[in-house]
Ligand code: NAD
């Protein structure tokens, strides 16, 4: 029996330039009395601004969010939460900050309001991640879903161009893999296509004009849609490779997505015809056959042609990565053998293929 399943996730979403001013009303709607604001050290100013907007409801700012959610940061945030006598959090930042809020929600079942400032899309997913002794563990749990998400494009006007492009390509990877996921559906496909369209028009503009207001709003709509695709489906080979590369070699998350994505797309598309059709439409191409080559040119152009070698991987790392990918199962429209994985990694390293 061929049935489709789709689980709608219950976040309350507010979107618009200036929407940050809705935060206090959102806290009241959720009946929160004291709210701890989480952010990275670099975004402390935003954290303080959020605390100011919350007024008496603010229980302080914890500016200790870090990449990959180390358990030490979670423990420190837990202490700050207890000291503040807080009953909820506002997480103001990118995937790292939202990840810290999710870790608290997982342990204490507390409500979080997300104020995303990148395009990673974590605010739309029940996926959490934690790093203990350099080992990253991830899982899915409805308790970590933000109760409210406030998207304010004004908060992204100062997002550096490199983070803009890389987190945008990271988001596009969610939409692309959702198109050929085993649990994809017409709802997911519609969100993925629109999310891809938003980034395809917005990212080339933002690379040249980072303060382009309409493109900033478009990219943030894309983040919402692509994040929702990630939250609704099971990711494939691309995410598997990124996860292994991040865990084994500590490569930077979003940049790794950018360097790998065109090569995984080229490998998968012959076995994912519907994804090819959607990408061709979103890219304005007349045939899916043109997608692989044009998509690679586009990503190279956007990401300054950066390869996995530029990020610190070397040819000698390939075998270990391939072993690890082959060890654990994941879903993908095309099953790659050892030679396929080597070819994909070599191409992403910027080295000529051995075969
Ligand atoms: P990030 O949150 O690590 O932020 C990168 C840097 O950009 C930080 O220094 C941050 O302070 C700064 N920054 C963020 N927004 C800014 C802004 N508007 N202006 C200026 N500086 C800003 O990066 P990210 O790409 O958003 O998140 C990556 C992390 O998120 C990874 O650890 C990844 O695993 C995780 N992630 C999780 C999910 C999920 O569903 N759980 C989804 C996507 C990504």
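A few notes on this one:
- Three-way shape call for the stretch 32-75 based on the alpha-carbon gyration tensor, with the a/c threshold at 1.5: oblate
- Each part reduced to its alpha carbon centroid, the stretch 180-194 and the stretch 55-114 end up 31 Å apart.
- For 230, 298, order by how many other beta-carbon atoms lie within 10 Å, fewest first: 298, 230
- Residues 233, 97, 118, sorted so that the one with the fewest Cβ neighbours within 10 Å comes first: 233, 118, 97
- Potential lengthening between residue 286 and residue 183 on full extension [0.36 nm per residue; Cα-Cα distance subtracted]: 34.3 nm
- Listed residues 116, 186, 262, most fluctuating in the chain (Gaussian network, C-alpha, under 10 Å): 186
- Whole-number percent relative contact order across the stretch 12-156, with pairs defined as alpha carbons under 8 Å at least 6 apart: 28 percent
- Nearest-ten-degree value, helix 338-349 long axis tilted from longest Cα axis of the chain: 70 degrees
- Sorted by Cβ neighbour density within 10 Å, fewest at the top, the residues 164, 21, 256: 21, 164, 256
- Relative contact order, percent, the stretch 170-308 [alpha-carbon distance under 8 Å, six or more residues apart]: 28 percent
- Between 0 and 90°, nearest 10: helix 71-84 axis offset from the chain longest Cα axis: 20 degrees
- Top of 162, 138, 71 by mean-square fluctuation, Gaussian network on the chain, Cα under 10 Å: 138
- Choice from 195, 168, 59 showing the highest fluctuation, given a GNM over the chain with Cα pairs closer than 10 Å: 59
- Value at 222 nm in deg cm²/dmol, rounded to 500, when DSSP H runs of n ≥ 4 in the chain each add -39,500 (n - 2.57): -16500 deg cm²/dmol
- Using C-alpha pairs under 8 Å with a sequence gap of at least 6, the mean separation divided by the residue count of the stretch 63-141 gives a relative contact order of 31 percent.
- Inter-centroid distance (Cα atoms) of the stretch 203-217 relative to the stretch 258-334, Å: 24 Å
No value in this document is a laboratory result; all are computed from the given coordinates. On a predicted model such as this, the values are computed, not experimentally measured, just so you know. Virtual Cβ from ideal backbone geometry, glycine too; neighbours counted across all protein chains shown.
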